[in-house]
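Since the structure comes first, as structure tokens, the remarks are kept for the end.
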Amino acid sequence: MNKLIEYIKNIYATPSAEVIALRELEEAKRKLLEAQSGREYADSMCKYHDARIKRLTNYIKGME
């Protein structure tokens with residue numbers, strides 16, 4: 001029964017500054033990974049559209 005009471009107290013206890021800092025650090029790492037994934041996607045899309053423009057430009061020049 002004492003373990004249950006301690007568990008409930010721990011759930012509602014104010015976390016220490018260190019625990020809050022660790023949580024924020026982990027969140028920052030997750031956000032960085034998300035941003036890096038977005039950047040990789042955007043870079044890939046830019047390369048795709050650049051290649052597409054070149055291909056279509058060459059195609060049109062070949063028709064002249």
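The values are calculated or read from the model by the stated rules, or taken from the named source; none is laboratory data. None of these values were measured; they are calculated from a predicted model. Don't worry about glycine lacking a Cβ; one is built from the backbone with ideal geometry, like all the others, and counts go over all protein chains shown. Heads up: the accessible areas ignore ligands, DNA and RNA and are worked out on the full protein's heavy atoms, side chains in. Shrake-Rupley method; radii C 1.70, N 1.55, O 1.52, S 1.80 Å.
Within region 7-24, which residues are surrounded by fewer than 10 Cβ atoms within 10 Å (Cβ to Cβ) and assigned to a helix (DSSP H, G or I)? Once the filter is applied, which keeps residues that are surrounded by fewer than 10 Cβ atoms within 10 Å (Cβ to Cβ) and assigned to a helix (DSSP H, G or I), region 7-24 yields Tyr7, Lys9, Asn10, Ile11, Tyr12, Ala17, Glu18.
Quick one: would you say Arg39 is over 22 Å from the mean Cα position of the chain (by Cα) and either open to solvent by less than 100 Å² (accessible area, probe 1.4 Å) or free of Cβ contacts under 8 Å to residues at least 12 places away in the same chain (or both)? Judged against the criteria, Arg39 is not a match.
Looking at the structure I just gave you, is Lys47 free of Cβ contacts under 8 Å to residues at least 24 places away in the same chain, charged (D, E, K, R), out of contact with any strand residue (DSSP E or B) (no Cβ under 9 Å at 6 or more places or on another chain) and surrounded by 10 or more Cβ atoms within 10 Å (Cβ to Cβ)?
Working: free of Cβ contacts under 8 Å to residues at least 24 places away in the same chain: yes; charged (D, E, K, R): yes; out of contact with any strand residue (DSSP E or B) (no Cβ under 9 Å at 6 or more places or on another chain): yes; surrounded by 10 or more Cβ atoms within 10 Å (Cβ to Cβ): yes.
Yes, satisfied.
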